[in-house]
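Colleague: Here's a structure for you.
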Amino acid sequence: MATSPEFMEYVVEQIAGCGEIRYRKMFGEYLVYVNEKPVLLVCDNTVYVKMLEEIREEMAGAESAPPYAGAREHYILDIDNRSFSRRIVSLLEPITPYPKKKRKKERL
């Protein structure tokens, strides 16, 4: 089951105010960018965050699961809790690196 566009709009509403937010559809699911940094992964109407040391205490009671087959375990973010979701995003944004720019292939 793929993530619905309505759920994506809900995710954006819940983390509004954390910076410039956009999302990109990838393989039927979504990657949420905050200030051009990939912070959240949304699969099957569930919001996932990487298991990083910087948020371990905050996410101590959270469930975890891989977002898709073959992926590492991620924390499942309780997106319905707006203040908590915004706190997690505000902790993740400064420590998340910008994505690497892809080099254009030369044409022969």
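Values quoted throughout were computed directly from the atomic coordinates according to the rules given, and no laboratory measurement underlies them. This is a predicted model, so every value here is computed, not measured. In this analysis, Cβ positions are derived from the backbone assuming ideal geometry, glycine residues included, and neighbour counts consider all displayed protein chains.
Colleague: Can you tell me the length gained on complete extension of the stretch residue 20 to residue 100, counting 0.36 nm per residue apart and subtracting the Cα distance?
Modeller: In short, 26.9 nm is gained.
Colleague: Something else now. Please arrange 85, 90 by counting, for each residue, the other beta carbons lying within 10 Å of its beta carbon, fewest first.
Modeller: Details: 85 20, 90 15.
Least crowded to most crowded, the residues run 90, 85.
Colleague: Further question on the same structure: Arrange 96, 46 by Cβ neighbour counts within 10 Å, fewest through most, would you? All intermediate terms of the calculation are to be shown ahead of the outcome.
Modeller: On the way: 96 21, 46 17.
Lowest count first: 46, 96.
Colleague: Sketch the reach of a paramagnetic label on residue 82 as a point 7 Å from Cα along Cα-to-Cβ, and name the residues of the range 16-31 whose backbone nitrogen lies under 14 Å away.
Modeller: 16-18, by backbone N distance to the label point.
Colleague: Additional query: By how many degrees, 0 to 90 and rounded to 10, does the Cα axis of helix 82-95 deviate from the longest principal axis of the chain?
Modeller: Helix 82-95 sits at roughly 40 degrees to that axis.
Colleague: Then there is this: Relative to the longest principal axis of the chain, what angle (0 to 90°, nearest 10) does the C-alpha long axis of helix 5-14 take?
Modeller: Between the helix axis and the principal axis of the chain, the angle is about 60 degrees.
Colleague: Sort the following peptides by mean Cβ neighbour count (other Cβ atoms within 10 Å, averaged over residues), highest first: 64-70, 38-44. Walk me through the intermediate numbers first.
Modeller: Details: 64-70: 11.7, 38-44: 20.7.
The peptides rank, most packed first, as 38-44, 64-70.
Colleague: For a paramagnetic label modelled at 7 Å from the Cα of residue 60 toward its Cβ, which residues of the range 69-108 fall within the zone defined by backbone nitrogen distances under 19 Å?
Modeller: Hits in the range 69-108 for residue 60 at 19 Å: 75-78, 84-85, 87-89, 91-92.
Colleague: How many angstrom lie between the Cα centre of the range 89-108 and the Cα centre of the range 4-27?
Modeller: That distance is 19 Å.
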